[in-house]
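Visitor: Sending over a structure as structure tokens; questions will come in a sec.
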Amino acid sequence: GVLHHCFVASDYFAELKNKVISLQDLNEYPILLQKSPSNSRDIIEKYLKENTLFVSFVIVSVLNAWLLRALCMPTISSIFSIKAFLADTAIVILIGSFGYLLKPKNRFIYYLGFNIFLTLICMINSVYYTYYTSFASISMLSLTQYVGEVGDAVTENVIQLKDLLYIIGPIVLFMINHKVKKKNHYKKIEVKSERKKKWSKTLISGLCVMGIFVITLTPTDISRLIKQWNKEYVVTCFGIYVYQANDVISTIQPTINSMFGYDKAHKAFVEYFEGKEEIKTNKYTNIFKGKNVLVIHAESMQTNAMDLTFNGQEVTPTLNKLASEGMFFSNFYSQVSVGTSSDAEITFNTSLMPTKSGTAFVSYSDRTYISTPLLLKEKGYYTFSMHANNADFWNRRVMHNKL
């Protein structure tokens, strides 16, 4: 009677009826004691019960990514972006799949560690977006040494309550782990082959989700991901995790190119200038000879203020006078990158474009430059610079001496 109720099918009984099976022997045939799932609902419930920690990791990580888009870019296209949801889900599943290669008792540390890492990505980007209306770049890590100079502005004006909501994810994961642990989930023994089987199935699932996501992409989406000039579009389309991974690749690419592509770039540079006639003079040559040169770098100045009057008074009378009496160039494109003010300084002083990743003042402070101040110095000028900010901010103490 005991055997009849334990065995799911009579075939098992027919096969084993000649054996004497004790209760201890039954432990060797756990499949005989398991109730076969009768429908899809039972299958789902069984999967969730056996993979609670993995499923929780996926949900809280994807939810944090969605929360970032919802809080920073509260538009319909961003909040309900299927592409971003698929991309974030695929990345998280792929990361989470490798947790199955570990023993059950070690998986929580793996999932918690990666969830904290993904949470930090969301928090940093949330804070950064509040101040710059853009998303953070790994190249900006080299500038964290300067945060101390403006630390009070960061803590008082930038960090908000919404930036702390993301830590709910790791807290929820910790609580779920505590609940699972009480049910002796981690005492279950999984052989290596079973762990590999779970890993491969989960990995394939993640790749399938990624494949569905890739199918939805357009040539415009791919182009903007590669160029990464419109970060909001990239995050809306690809999600924050794909954006951040692509940003890392874009950041290290110049270094790799410098290491392996120097000879090719130097050859192209030399060939470009060979045979070109050197222009030594133009209509502006020597018009300021013998004059003092004073350059004022004023951040965020715009010409609309120069055209503005208030109660019959010019808002910028001195600038208007300088523009009318001297040379005034109003038709130009902004030529700064993430270095903002420092990029403007290097472009004015050297006629070089700023670097598109990182900042020239930090990444290329060890170079020798041909600059306007140094050329004037050769003409007998005494050159100096003054700045209202701390000399170490944007690495000006080093770079202004270089220039």
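Visitor: Determine whether the stretch 375-382 contains at least one residue that is in contact with a helix residue (DSSP H, G or I) (Cβ under 9 Å, 6 or more places away or on another chain) and surrounded by 15 or more Cβ atoms within 10 Å (Cβ to Cβ).
Guide: For the stretch 375-382, residues in contact with a helix residue (DSSP H, G or I) (Cβ under 9 Å, 6 or more places away or on another chain) and surrounded by 15 or more Cβ atoms within 10 Å (Cβ to Cβ): absent.
Visitor: Please indicate, with yes or no, whether at least one residue in the stretch 96-109 is modelled with pLDDT of 95 or more and within 17 Å of the chain's Cα centre (by Cα).
Guide: For the stretch 96-109, residues modelled with pLDDT of 95 or more and within 17 Å of the chain's Cα centre (by Cα): absent.
Visitor: Do any residues in the stretch 309-338 that are in contact (Cβ under 8 Å) with a residue 24 or more places away in the chain have Cβ atoms under 7 Å from those of residues that are open to solvent by less than 70 Å² (accessible area, probe 1.4 Å) and among the small types (G, A, S), where the two are at least six apart or on different chains, and which pairs are they?
Guide: V338/S137; V338/S139
Visitor: Further question on the same structure: Which members of the stretch 264-283 meet the condition of being part of a helix (DSSP H, G or I), over 31 Å from the mean Cα position of the chain (by Cα) and farther than 26 Å from D343 by Cα?
Guide: If the condition is that a residue be part of a helix (DSSP H, G or I), over 31 Å from the mean Cα position of the chain (by Cα) and farther than 26 Å from D343 by Cα, then K267, E271 are the ones that fit.
Visitor: Yes or no: N320 among the polar types (S, T, N, Q) and open to solvent by 100 Å² or more (accessible area, probe 1.4 Å)? Break it down into steps so the answer makes sense when it comes.
Guide: Values: among the polar types (S, T, N, Q): yes; open to solvent by 100 Å² or more (accessible area, probe 1.4 Å): no.
Taking the combined requirement at face value, the residue does not satisfy it.
Visitor: So, V270, is that one touching a residue at least 40 places away in the same chain (Cβ under 8 Å) and of a type outside the set (D, E) or not?
Guide: No.
Visitor: Of these, L173, L118, which one is over 30 Å from W229 (Cα atoms) and either in a helix (DSSP H, G or I) or at pLDDT 85 or above (or both)?
Guide: L173
Visitor: Mind checking which helices (runs of 4 or more DSSP H) fall wholly inside the stretch 284-403 and carry at least 2 residues that are hydroxyl-bearing (S, T, Y) and over 23 Å from Y132 (Cβ atoms)?
Guide: By residue number, 317-325.
Visitor: Go through (1) in a helix (DSSP H, G or I); (2) modelled with pLDDT under 90 one by one and return the number of the condition E190 breaks.
Guide: Going through the list (1) in a helix (DSSP H, G or I); (2) modelled with pLDDT under 90, E190 breaks only (1).
Visitor: So how many residues does the stretch 226-235 have that are assigned to a helix (DSSP H, G or I) and open to solvent by 30 Å² or more (accessible area, probe 1.4 Å)? Give the derivation first.
Guide: Here is the first cut: in the stretch 226-235, the residues assigned to a helix (DSSP H, G or I) are 226-227, 231-235.
This time we only want the ones that are open to solvent by 30 Å² or more (accessible area, probe 1.4 Å), so: 226-227, 231-233.
Residues meeting the conditions: 5.
Visitor: For the stretch 87-113, give me each residue that is open to solvent by 30 Å² or more (accessible area, probe 1.4 Å) and either more than 20 Å from G169 (Cα to Cα) or of a type outside the set (S, T, N, Q) (or both).
Guide: Selection gives I91, L94, I95, F98, L101, L102, K103, K105, I109, Y110, L112, G113.
Visitor: Check the stretch 342-355 and report whether any residue there is over 30 Å from N286 (Cα atoms), open to solvent by 70 Å² or more (accessible area, probe 1.4 Å) and at pLDDT below 90.
Guide: The initial filter retains those residues of the stretch 342-355 that are over 30 Å from N286 (Cα atoms), namely 355.
Add one more test, that the residue is open to solvent by 70 Å² or more (accessible area, probe 1.4 Å), and what stays is none.
Within the stretch 342-355, not a single residue is over 30 Å from N286 (Cα atoms), open to solvent by 70 Å² or more (accessible area, probe 1.4 Å) and at pLDDT below 90.
Visitor: I would also like to ask the following. So I168 passes all but one of these: (1) in a loop (DSSP other than H, G, I, E, B); (2) open to solvent by 50 Å² or more (accessible area, probe 1.4 Å). Which condition number does it fail?
Guide: Only one criterion is unmet by I168, namely (1).
Visitor: Quick check on the stretch 25-57: of everything there that is exposed (fewer than 11 other Cβ atoms within 10 Å of the Cβ) and of a type in the set (G, A, S), which residue is modelled with the highest pLDDT?
Guide: S40
Visitor: Within the stretch 203-224, is even one residue open to solvent by less than 30 Å² (accessible area, probe 1.4 Å), part of a helix (DSSP H, G or I) and farther than 16 Å from L94 by Cα?
Guide: yes
The values are calculated or read from the model by the stated rules, or taken from the named source; none is laboratory data. The structure displayed is predicted, hence computed values, not measured ones. Every residue, glycine among them, receives a Cβ derived from its backbone with ideal geometry; neighbour counts consider all protein chains shown. The area values use the complete protein model at the heavy-atom level, side chains included, leaving out ligands, DNA and RNA. Shrake-Rupley method; radii C 1.70, N 1.55, O 1.52, S 1.80 Å.
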